[in-house]
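Peer 1: First, the structure itself, so that you have it in front of you.
Only the coordinates and a few stated rules stand behind these numbers; no lab work does. Quick caveat, the model's predicted, so the values are computed rather than measured. Cβ coordinates were reconstructed from backbone atoms using ideal geometry, including for glycine residues, and neighbour counts include every protein chain displayed.
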Amino acid sequence: MTLLSIENLTVSFDTPHGAAHAVRGIDLAVAPGEILGLVGESGSGKSALFLATLGLAGPRARVRGSALFDGTDLVGLSDRVLSRIRGRRVSMVFQDPASSLNPVMTIGRQLDEAIRLNRQNPGRPGSAAARDLLAEVGIPDPGRRLRSYPHELSGGQNQRVMIAMMLAGNPDLLIADEPNTALDVTVQAQILDLLKRISRARGMSIVLISHDLGVVAQICDTVAVMYAGRIVESGPVMDVFDAPRHPYTAGLMASRPGTAPAGRLMPIGGVVPSPFEQPAGCAFAPRCPRRRAACTAMPPTPVAGGHWWRCFNPVEAAAAA
Amino acid sequence: MHESRRSILEVCELSCRFRSRGLPFLSGSRDIGAVDGVSLTVGRGEIVGLVGESGCGKSTLAKAIVGLGPIEARAMRFDGTDILRPLDRRPRDLIRRIQYVFQDPLGALDPRRTVLYQVAEPLLIHRRTPDAERFARARTALRDVNLGEEIEAKYPHELSGGQRQRVVIARALVLEPDLLVCDEPVSALDVSIQAQVINLLRDLRDRLDLSILFISHDLAVVRHLCDRIAVMYLGRLCEVGPAEQVFGDPRHPYTKALTSAIPPSHPRLAKPPVRLPGEPPDPGDPPSGCRFHPRCGDREALCSRVVPTLEALGDGGRFAACHVAKRSTPAQC
């Protein structure tokens, strides 16, 4: 049973220098109620993937493949049809709440707007529904906050307001794109906590896009690691963190401080390939310590299973554990 | 250990006040104490981490140390010399010995000059080296940060984020400073690249006996790199101590909340964070007594009335500014 099933999705952008390949063939499934962490460094295509799926990648994006959401293929849908799905079925929360909210409208009016646009039948008067939503995302004194403007709230509270707006349509899937990166450490932890609580309470699926494996370890059920527009490893969080098999995943874990306080970090050498290149083999091969001849010749195919990876010479499970 | 070494930097009761004008018809001008009575030392060859959330004054403190921005203090000494004066009134050689590394390397570099020129430029400004030697010295600095000859003729936009930050560090190192003040030097970098810069800073300390004041909001990075940690909240220090002890056994309630919010390295280690009610208050109108008391779960009547001073807890080089933590520490002789 899957809620969203993305198959062989590619996204490229037309630029004056030729096509920039942001997403190079992604297969991804999200089950109902699941929290999936999509991890990758800047430029790996993790944001482009979902912007393109929801038709928000702009006029220069070329999207191919399919993204079946509850039986409907979102790729190629007209903007009119998509706009009925966005907000009601699938919502998206972005990194910087301050630039997503309207600075000259009160929180209450912005919430009312979201409620009006996304509810088929008006039901209860807007302000009561808005107050309930603010209470659900943990804003103290919601009745008074409805009359506040975004600048009167802190960054963490604004992000809670954004999440409340996204819940207005009672979506089945929430895409959270680095929802806590712009926030302070203690507030970050609270926002993650909130997302997990809402997901469990509503049975709502979440795709959490992040550059931080620690964030994924904190709240996700499954994880998919992206590199240069492809998923290189995916599986249940426990399995992947216990025994990362793709050298890139293992490298990310070894380069992050926290595991061994005194040990030396292991940076990954080299740089991310340019989106204009089309490498014949594995995109990570030039930086890979476990590279073999086959790696540069053709792309590895995924190994089937709940925990899968895309590598000719994976890290041994025992060594990784 | 490091704290027994001679200190290179001593800051005694430093405050930085800004005048906020606000909107004239709403309120008069008022003073905002961004930093309030902070005392801190950095030992020779020591890496001290300064952590705290945005607006707590950590960058203001760092800038005051290099002589930027308003400074009031009882004393501020660098290697025994008084440095309680703004940058333009500091002797040139003193300026040379304290260097600053900014968060955003692209913004800190000149887009129209080559790497080699930019790394050599401080030597020209400080008239430290004969013209003939300048570029040779710049090359040495670039080698110190593990950058090869191939990047000397490049421009900043041609480099990766990690390379750029290493160029910025090389440019600071070329003057052979004793203290490096790094303000969020890895925050703008990807995880795999961050590790290069963190390893580099540690190597430089080991090799050159460089002292580093490392400012960051990323607690995992600070824990990994620093010998000692100073935790700041709303302009004041709330806890200071050896890194492993502060993270392993935090004593101030704010430090407890902060350390509990570090993302885990493995899902099995995930635990719910300590919840702090409310948000950091307005630094223009700080709470009375302990500035943390309105959000503190351990607060007592005393906390809202009396400002806690930073006092030693035991004899392990640990300090906390908390009435409750102080009392719960067994007295040691």
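Peer 1: Rounded to the nearest Å, what's the spacing between the alpha carbon centres of region A:39-70 and region B:166-187? Just the number, please.
Peer 2: With region A:39-70 and region B:166-187 each reduced to a Cα centre, they are spaced 38 Å.
Peer 1: Near the amide H of A:VAL223, under 5 Å away, which other amide H atoms are found, from residues 5 or more places off or on another chain, if H is placed in the peptide plane?
Peer 2: A:GLY37, A:GLY235, A:VAL237
Peer 1: Another one. Rounded to the nearest Å, what's the spacing between the alpha carbon centres of region B:56-102 and region A:72-93? Just the number, please.
Peer 2: 55 Å
Peer 1: Using the alpha-carbon atoms, what tilt in degrees (0 to 90, nearest 10) does helix B:161-173 show relative to the longest principal axis of chain B?
Peer 2: The angle comes out near 80 degrees.
Peer 1: Sticking with this one: Enumerate the lysines that B:LYS326 could reach by cross-link, defined here as Cα to Cα under 20 Å, with residues fewer than 8 away along the same chain left out.
Peer 2: Excluding near neighbours in sequence, the set is B:LYS256.
Peer 1: Here's a follow-up. Please list, ordered by chain and number, the residues whose modelled amide H lies under 5 Å from the amide H of B:GLY37; skip anything fewer than 5 residues away on the same chain.
Peer 2: Long-range HN contacts for B:GLY37: B:LEU14, B:SER15, B:CYS16.
Peer 1: Further question on the same structure: Mind giving me the FRET efficiency for A:SER83 and B:LEU269? R0 is 51 Å, r the Cβ-Cβ distance, nearest 0.05 is fine.
Peer 2: Working: r = 42 Å, r/R0 = 0.82.
That pair, A:SER83 with B:LEU269, gives E of 0.75.
Peer 1: For the pair A:ALA294 and B:ASP285, what calculated FRET efficiency results from E = 1/(1 + (r/R0)^6), where r is the Cβ-Cβ distance and R0 = 60 Å, to the nearest 0.05?
Peer 2: 0.35
Peer 1: With the dipole of region B:246-301 worked out from charges on the C-beta (+1 for Lys and Arg, -1 for Asp and Glu) around the Cα centre, which of B:HIS252, B:PRO267, B:PRO283 lies farthest toward the positive end?
Peer 2: In region B:246-301, that residue is B:PRO267.
Peer 1: Taking the number of other C-beta atoms within 10 Å as the exposure measure, put A:THR10, A:THR186, B:THR255 in order starting with the fewest. Mind dumping the intermediate values first?
Peer 2: Working: A:THR10 18, A:THR186 21, B:THR255 25.
Placing the least packed residue first, the sequence is A:THR10, A:THR186, B:THR255.
Peer 1: What FRET efficiency comes out for A:ALA19 versus A:GLU113 if R0 is 51 angstrom and r is the Cβ-Cβ distance? Round to the nearest 0.05. Provide the component values of the computation, followed by the final result.
Peer 2: Values: r = 37 Å, r/R0 = 0.73.
So, using R0 = 51 Å, E works out to roughly 0.85.
Peer 1: Once phi is turned into ³J(HN,Hα) by the Karplus curve 6.51 cos²θ - 1.76 cosθ + 1.60 with θ = phi - 60°, what whole-Hz value does each residue of region A:134-142 show in order, with x for glycine and proline?
Peer 2: 4, 5, 5, 8, x, 8, x, 6, x
Peer 1: Dipole size in debye (nearest 20) for region B:2-328 around its Cα centre, Lys and Arg Cβ +1, Asp and Glu Cβ -1?
Peer 2: Details: 47 positive and 42 negative charges, 87 e Å.
Dipole of region B:2-328, to the nearest 20 debye: 420 debye.
Peer 1: Which of the trypsin sites (Lys or Arg not before Pro) found in region A:27-67 are loop residues per DSSP with 15 or fewer other Cβ atoms within 10 Å of their Cβ? List each step's numbers first, then the result.
Peer 2: On the way: sites: A:LYS46, A:ARG60, A:ARG62, A:ARG64; in loops: A:ARG60.
Within region A:27-67, the qualifying trypsin sites (Lys or Arg not before Pro) (loop, at most 15 other Cβ atoms within 10 Å) are A:ARG60.
Peer 1: Shielding by partners for A:248-254, please: the mean number of other protein chain Cβ atoms within 10 Å of each residue's Cβ. If you can, show how the numbers build up before the last one.
Peer 2: Details: counts 1, 0, 0, 3, 4, 3, 2.
Mean shielding count: 2.
Peer 1: Next up: Please report, in debye to the nearest 20, how large the charge dipole of the protein assembly as shown is about its Cα centre when each Lys and Arg carries +1 at its beta carbon and each Asp and Glu carries -1 there. Write out the running numbers ahead of the final one.
Peer 2: Details: 79 positive and 69 negative charges, 126 e Å.
Roughly 600 debye for the protein assembly as shown.
Peer 1: Using Cα atoms only, what is the angle between the long axis of helix A:185-202 and the major principal axis of chain A, expressed in degrees (0 to 90) to the nearest 10?
Peer 2: 80 degrees
Peer 1: Partner chain Cβ atoms within 10 Å, averaged over the residues of A:209-219 - can you pull that number for me?
Peer 2: Details: counts 0, 1, 2, 4, 6, 11, 2, 4, 8, 10, 3.
Averaged over the peptide's residues, the number is 5.
Peer 1: Please list A:295-307, A:100-112, A:212-224 highest first by mean number of surrounding beta-carbon atoms within 10 Å per residue. Each step should come with its number before you reach the end.
Peer 2: Numbers: A:295-307: 13.8, A:100-112: 17.4, A:212-224: 24.9.
For the peptides A:295-307, A:100-112, A:212-224, the packing ranking is A:212-224, A:100-112, A:295-307.
Peer 1: Could you give me the ³J(HN,Hα) list for region B:46-62, computed from phi with Karplus coefficients 6.51, -1.76, 1.60 and θ = phi - 60°, whole Hz, x at Gly and Pro?
Peer 2: Along region B:46-62, the couplings run 9, 10, 10, x, 10, 10, x, 8, 4, x, 7, x, 5, 6, 4, 4, 4 Hz.
Peer 1: Once you have a ≥ b ≥ c as the square roots of the Cα gyration tensor eigenvalues for the protein assembly as shown, tell me rounded if a/c is under 1.5, and otherwise prolate or oblate according to whether a/b is larger than b/c. Could you put the intermediate results ahead of the total?
Peer 2: Working: a/c = 1.74, a/b = 1.21, b/c = 1.44.
Oblate, because a/c is 1.5 or more while a/b does not exceed b/c.
Peer 1: Report the label-to-label distance for B:TYR155 and A:THR2 in nanometres (one decimal), using points 7 Å from each Cα along the Cα→Cβ vector.
Peer 2: According to this spin-label approximation, the distance is 4.5 nm.
Peer 1: I would also like to ask the following. Within a 10 angstrom radius of each residue's Cβ in A:186-199, how many Cβ atoms of other chains show up on average? Whole number is fine.
Peer 2: Working: counts 13, 7, 5, 11, 5, 0, 5, 4, 0, 0, 2, 0, 0, 0.
Per residue, the average neighbour count from other chains is 4.
Peer 1: So, with +1 on the Cβ of K and R and -1 on the Cβ of D and E, and no other charges, what is the size of the charge dipole of region B:75-151 about its Cα centre, to the nearest 20 debye?
Peer 2: On the way: 15 positive and 12 negative charges, 68 e Å.
Magnitude of the dipole: close to 320 debye.
Peer 1: If you don't mind, another one. Residue farthest toward the positive end of the dipole of chain A, with Cβ of Lys/Arg at +1 and Asp/Glu at -1: which of A:LEU183, A:PRO103, A:TYR248?
Peer 2: A:PRO103
Peer 1: HN-Hα J couplings of region B:180-189 from phi, Karplus 6.51/-1.76/1.60, θ = phi - 60°, integer Hz, Gly and Pro as x?
Peer 2: 3J(HN,Hα) across region B:180-189, in whole Hz: 10, 9, 10, 9, 6, x, 10, 5, 8, 9.
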